[in-house]
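Engineer: Just passing along the structure, written as C-alpha cells.
The values are calculated or read from the model by the stated rules, or taken from the named source; none is laboratory data. Since this is a predicted model, take the numbers as computed values, not measurements. Virtual Cβ from ideal backbone geometry, glycine too; neighbours counted across all protein chains shown. Accessible surface areas use protein heavy atoms only, side chains included; no ligands, DNA or RNA. Shrake-Rupley method; radii C 1.70, N 1.55, O 1.52, S 1.80 Å.
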Amino acid sequence: MTTESRRAPATGNDDLKALIRTVADYPIPGIQFRDVSTLLLDGEGFRATIDRLAATIDPATVDLIAGIEARGFIVAAGLSYALRKGKVMLRKQGKLPGQTVGIDYALEYGTDRIEMHQGAVTPGQRIVLVDDLLATGGTALAGAGLLRGQGAIVDTALFIVDLPDLGGATKLRAQGIEPIALISFEGH
Ligand code: AMP
C-alpha cells in the first residue's frame, strides 16, 4: 500500500453518520448498537459509503477483498465491484460446504468462530479485510489471523464505523494492520 492509499478520510462523512441508527441496550444492556441497516436502506448513502471506502485503496496494491459475515459481506461486495477484485467470505462456523480452516475469537459480547475455504487464498496474496464496524478488534484480528495463517498479506482493514474508545484500531495497528473507517462514534 502507498501512503496515499492509506489516507483515511478526515471529515465530511457526517451525511453517512446521520444515516446510522443507534439502538441502546442491544443485544445486551450497556451496548449502543450502531445499526448500519438504516444506512443500507439509503441507495445514495450506500453508494457514497462504497465510493469513499474504495477511494482509500489503490487497486494496484490489492489482490482480493475479504468480507466478514454477515454485514461485512455487504460492504465487501460493494468494494469488490468498485475495485474489480474478487472476494473471499469469512463465514460463521458450519456454513461453508468445502474443506475449511477456522479460528475462534472473543467478541465485545460473547465468543464466535469464523471459517474460510481451504485454498481460497494463496500465499502472498494481498488482502484487504472488510467489516461494517470495528469495536474491540477481536473479529478483525481473527480474520487477519485466519488469512495470514494461509500465507496472505493483510495490512489494511476497512470499516464503515470505528468505535475508538473500544481500542480496536490500536490493537490492529499493533499487529501491522492499518484500520480505515469513514465514521467514528465516541463511547461504547
Ligand atoms: P469487535 O470484534 O469487538 O471489533 O466487534 C466487531 C464486530 O461485532 C462487527 O462484526 C460488528 O458488526 C459487531 N459489533 C460489535 N459491537 C457493535 C456495536 N456496538 N454496534 C454494532 N455492531 C457491533
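Engineer: Per the 1.4 Å probe, what fraction of the accessible area of the chain, in percent, lies on carbon and sulfur atoms? Walk me through the intermediate numbers first.
Structural biologist: Working: 4490 of 8870 Å².
The computed percentage sits at 51.
Engineer: Each residue of segment 86-103 in turn: what ³J(HN,Hα) in whole Hz from Karplus with 6.51, -1.76, 1.60 and θ = phi - 60°, glycine and Pro shown as x?
Structural biologist: Going residue by residue, I get x, 9, 10, 8, 9, 10, 5, 4, x, 9, 9, x, x, 5, 10, 10, x, 8 Hz, with x marking Gly and Pro.
Engineer: Calculate, axis by axis, the spread of Cα positions in segment 127-188 along the three principal axes, and write the results as whole Å, longest axis first.
Structural biologist: Extents along the principal axes: 35, 17, 15 Å.
Engineer: Could you calculate the contour length gain from THR61 to ARG21, that is, 0.36 nm times the residue separation minus the distance between their Cα atoms, to one decimal place in nm?
Structural biologist: 11.0 nm
Engineer: Per residue, how much accessible area does segment 23-140 have with a 1.4 Å probe, in Å²?
Structural biologist: On the way: 5640 Å² over 118 residues.
Each residue of segment 23-140 exposes 48 Å² on average to a 1.4 Å probe.
Engineer: Just to be sure I follow the definition: excluding the sites themselves, where is the longest run in the chain that has none of the trypsin sites (Lys or Arg not before Pro) in a DSSP loop with at most 12 other Cβ atoms within 10 Å?
Structural biologist: On the way: sites that count: ARG7, ARG84, LYS95.
Value returned for the longest uninterrupted segment is 96-188.
Engineer: Can you list the residues, at least 5 places off or on another chain, whose amide H is less than 5 Å from the amide H of VAL88, using H built in the peptide plane?
Structural biologist: For VAL88, the qualifying residues are ILE65, ALA66, GLY67.
Engineer: Would you calculate the convex hull of the Cα atoms in segment 3-184 and tell me its volume per residue in Å³? Provide the component values of the computation, followed by the final result.
Structural biologist: Numbers: hull volume 20.6 nm³, N = 182.
Dividing the Cα hull volume of segment 3-184 by its residues yields 113 Å³.
Engineer: A further question follows. May I ask you to compute the full-extension gain from LEU41 to ARG126, defined as 0.36 nm times their residue separation minus their alpha-carbon distance, rounded to one decimal in nm? Intermediate values should be presented prior to the final figure.
Structural biologist: On the way: separation 85, 0.36 × 85 = 30.60 nm, distance 3.13 nm.
Full extension from LEU41 to ARG126 adds 27.5 nm.
Engineer: Next question, about the same structure. Which whole-number percentage describes the relative contact order of the chain, with Cα contacts under 8 Å and a sequence gap of 6 or more? Walk me through the numbers before you get to the answer.
Structural biologist: Values: 381 pairs, mean separation 35.6, N = 188.
It comes to 19 percent, rounded to a whole number.
Engineer: So for each of 177-184, 158-165, 99-106 I average, over its residues, the number of other beta carbons within 10 Å; can you give me the resulting order with the highest mean first?
Structural biologist: Values: 177-184: 20.2, 158-165: 22.2, 99-106: 15.0.
Those peptides, ordered most packed to least, come out 158-165, 177-184, 99-106.
Engineer: Still on this structure, I have one more. Round to the nearest 10 and report in Å² the accessible area of THR22, as given by a 1.4 Å probe over the protein chains' heavy atoms.
Structural biologist: Approximately 60 Å² for this residue.
Engineer: Given springs between every Cα pair under 10 Å in a Gaussian network model of the chain, which of ASP155, ASP112, ASP14 has the largest fluctuation?
Structural biologist: Residue with maximal mean-square fluctuation among ASP155, ASP112, ASP14: ASP14.
Engineer: Ok, one more. With θ set to phi - 60°, apply the Karplus curve 6.51 cos²θ - 1.76 cosθ + 1.60 along segment 121-132 and write out the HN-Hα couplings as whole Hz, x wherever there is a Gly or Pro.
Structural biologist: Going residue by residue, I get 10, 10, x, x, 5, 9, 10, 9, 8, 9, 8, 6 Hz, with x marking Gly and Pro.
Engineer: Roughly speaking, what is the stretch gain from LYS92 to GLN32, that is 0.36 nm per residue apart minus the C-alpha to C-alpha distance, in nm to one decimal? It would help to have the intermediate numbers written out before the result.
Structural biologist: On the way: separation 60, 0.36 × 60 = 21.60 nm, distance 2.30 nm.
Between LYS92 and GLN32, full extension yields 19.3 nm more.
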